[in-house]
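Novice: This structure is in structure tokens; I'll ask about it shortly.
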Amino acid sequence: MALERPQLATGVRLKHDRVRDQQVLLFPEGALVLNETAVAVLELCDGDRTLDEIAALLSERYEGADVRDDVAELLAGIGERGLVVDAGA
Amino acid sequence: MPAPDPLLLIAELTYRCPLHCPYCSNPTDIGADRYRDELPAADWQRVFREAADLGVLQLALTGGEPMARKEIVELVSTSTEAGLYSTLVTSALPFPRRRVEALHAAGLDHVQISFQHSDPALSDEIGGTIAFERKVKAARLARELDFPLTVNVVLHRGNIDAVESIIEMAVDLGARRLELANTQYHGWATLNREALMPTRAQLERGEEAVGRARERLGPRLEILWVLPDYYEDVPKPCMGGWARDAILVQPNGDALPCQGAASIPGFAIDNVRDRPLREIWLESEMFNAFRGTGWMGEPCRSCPLGRQEEDFGGCRCQALALTGDAAATDPVCHLSPHHDVVVAARREAEEPQPAAPPRPFVYRALETPPARV
């Protein structure tokens, strides 16, 4: 499944867990603890930006590193679980 | 061992329920006096806040039928304020539009609706109430309001052959998740084990149907398939391990590590009216009884499979029910000296059953003792 303009699926949200002091992704009957990179990617998934735009923004933040493949891989993994969907679909 | 931070609060708001499912995981003495005195809404609200402070992320509003509590909207508001991810686990009786819209406005995150079968008449027969059409309407309303929807069907001998049409039903209703949980033999299900336990061939066909559907549907529908313990040779980590992830609070405020823990004698049960949730989680005799691995005897203590931290010895309530000792290894494990009990139950399920009349269910009811209908 191609994610042109990724966004969090309905009922999926990011939250800062104050007890564990970590960012978590909450969804129906589950939670994922996220690392910094995953948070940075998911925060940009607004259903408007394309995957390329997200990768470009992150690349700027990480001093020009080519992160497109990493972003695509991360979103594919989360997308397989139905937590991120394509806004156009 | 130190207590980990809990993730889940299971709030059994009431044991009142319009359905009479013969496999209900509620205790069989739900009609007992001690469950009549339901925890007031203000106490639930305090418990939700205490749970969030303790690290709980997920709240399951369940029962019985949680919609039977008139304060359900206020309870959801408090859950939202506390930052919890809330799921309403409902029979969808009742599921009135205005109330559900109010739940949506209050921040309810997710709706889970139970069905008993994909065939309306059989669904109603298993649930012991005319309910199917109302459940369909409720599911459509939930989707109209853009709730993520989970359809839950407890599987058993009488509906497992319909797995394919159950999956179609879930797709048609717009569900994102389908829980196909094979009956586990706790609560009311122990009274109906003979009538409920599927054959191995039925299970295998069901599992194949699930595999084909997953292939076809991909992430559109997440299908959970939970095997019944009785057909496994190593136990599951019941509740993710005793007092490790979850806290369950009964309608009267009794706090337990799982649905069946009250059946285990010898440990004091704490009530949320008397002690803060944190104290109960950390200090309660019941929660500490089987936490971690230190309580284990043989064969768990020297587990040759290295599964101590994987299955945590399986289910304490099942160990008690089948061996008389809650600290015994779950007899589902092939290394348990009592494993033959499980094997015998499997063998019994393979024996031909009379075509008609079918074995009668003992339906869940608040009256005690349970009546065979």
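The values are calculated or read from the model by the stated rules, or taken from the named source; none is laboratory data. Because the structure is predicted, anything quoted here is derived from the model rather than measured. All Cβ positions, even for glycine, are placed from backbone atoms using ideal geometry, and neighbour counts span all protein chains on display. For accessibility, only protein heavy atoms count, side chains too; no ligands or nucleic acids. Shrake-Rupley method; radii C 1.70, N 1.55, O 1.52, S 1.80 Å.
Novice: Share of region A:6-82's accessible area from carbon and sulfur, percent, 1.4 Å?
Specialist: Values: 1800 of 4130 Å².
That fraction is 44 percent.
Novice: Pop out a list of residues from region A:24-52 that are at least 30 Å² less accessible with all the protein chains around than in their chain alone; 1.4 Å probe, no ligands or nucleic acids counted.
Specialist: So the qualifying set is A:Leu26, A:Pro28, A:Glu29.
Novice: May I ask for the equivalent-ellipsoid semi-axes of the protein assembly as shown, computed as the square root of five times each C-alpha gyration tensor eigenvalue and listed largest first in whole Å?
Specialist: One finds semi-axes of 35, 27, 25 Å for the protein assembly as shown.
Novice: Just to check I understand the Karplus step: with θ = phi - 60° and J = 6.51 cos²θ - 1.76 cosθ + 1.60, what whole-Hz values come out for region B:139-156, glycine and proline as x?
Specialist: 4, 5, 5, 4, 5, 4, 7, 6, 6, x, 10, 10, 9, 10, 10, 7, 9, 6
Novice: For chain B, with all protein chains present and a 1.4 Å probe, just round the carbon and sulfur fraction of the accessible area to a whole percent. If you can, show how the numbers build up before the last one.
Specialist: On the way: 8030 of 15050 Å².
Accessible surface attributable to carbon and sulfur in chain B totals 53 percent.
Novice: Where does chain B land at 222 nm, in deg cm²/dmol rounded to the nearest 500, when only DSSP H runs of n ≥ 4 count, each adding -39500 (n - 2.57), divided by all residues? Present the calculation step by step, with values, prior to reporting the outcome.
Specialist: Details: 14 runs with 126 residues, N = 373.
Using -39500 (n - 2.57) per qualifying helix, the result is -9500 deg cm²/dmol.
Novice: Sticking with this structure for a sec: For B:Asn152, enumerate residues with amide H under 5 Å from its amide H, sequence gap 5+ or separate chain, H modeled in the peptide plane.
Specialist: B:Ile113, B:Ser114, B:Phe115, B:Glu179
Novice: Placing +1 at every Lys and Arg Cβ and -1 at every Asp and Glu Cβ, with all other atoms neutral, what dipole size does chain A have around its Cα centre, in debye to the nearest 20? Kindly include the intermediate steps, with their values, before the conclusion.
Specialist: On the way: 9 positive and 18 negative charges, 93 e Å.
Roughly 440 debye, rounded to the nearest 20.
Novice: What are the ³J(HN,Hα) couplings of region B:35-47, residue after residue, when phi is run through the Karplus curve with 6.51, -1.76, 1.60 and θ = phi - 60°? Round to Hz, x for glycine and proline.
Specialist: Values per residue, Gly and Pro as x: 9, 5, 7, 6, 4, x, 4, 4, 5, 4, 5, 5, 4 Hz.
Novice: A follow-up question, please. Please list, short to long, the whole-number percent of alpha-carbon pairs of chain B in consecutive 10 angstrom bins beginning at zero.
Specialist: Per 10 Å bin, starting at 0, the Cα pair percentages come out as 5, 23, 33, 28, 10, 1.
Novice: Same structure again: Please compute the length gained on full extension between B:Ala105 and B:Asp33, using 0.36 nm multiplied by the number of residues separating them and subtracting their Cα-Cα distance. Walk me through the numbers on the way to the answer.
Specialist: Working: separation 72, 0.36 × 72 = 25.92 nm, distance 3.55 nm.
In short, 22.4 nm is gained.
Novice: Taking 0.36 nm per residue of sequence separation and subtracting the Cα-Cα distance, how much length would be gained by fully extending the chain between B:Glu310 and B:Glu215, in nm to one decimal?
Specialist: Values: separation 95, 0.36 × 95 = 34.20 nm, distance 2.82 nm.
Gain on extension, B:Glu310 to B:Glu215, equals 31.4 nm.
Novice: Nearest 100 Å² is fine: what is the total accessible surface buried where chains A and B meet, probe 1.4 Å? It would help to have the intermediate numbers written out before the result.
Specialist: On the way: alone 5790 and 15890 Å², together 19940 Å².
Chains A and B together bury roughly 1700 Å² of accessible area.
Novice: Rounded, prolate or oblate for chain A? Axes are the square roots of the Cα gyration tensor eigenvalues, ordered a ≥ b ≥ c, and the cut-off for rounded is a/c under 1.5.
Specialist: On the way: a/c = 2.06, a/b = 1.21, b/c = 1.71.
Because a/c hits 1.5 or more and a/b fails to exceed b/c, chain A counts as oblate.
Novice: For B:Arg347 paired with A:His16, estimate the spin-label separation in nm (one decimal), with each label point 7 Å from Cα along the Cα-to-Cβ line.
Specialist: According to this spin-label approximation, the distance is 6.2 nm.
Novice: Give me the one-decimal nm value for the distance between modelled label points at B:Glu207 and B:Ala181, 7 Å along each residue's Cα-to-Cβ direction.
Specialist: 2.0
Novice: Based on alpha-carbon atoms only, what is the radius of gyration of region B:162-263 relative to the globular estimate 2.2 N^0.38 Å? Don't skip to the answer; put the middle values down first.
Specialist: Numbers: Rg = 16.1 Å, N = 102, 2.2 N^0.38 = 12.8 Å.
In units of the globular-protein estimate, region B:162-263 measures up at 1.26.
Novice: Could you work out the relative contact order of chain B, using alpha carbon pairs under 8 angstrom and six or more residues apart, expressed as a whole percent? Kindly include the intermediate steps, with their values, before the conclusion.
Specialist: On the way: 718 pairs, mean separation 74.6, N = 373.
This gives 20 percent for chain B.
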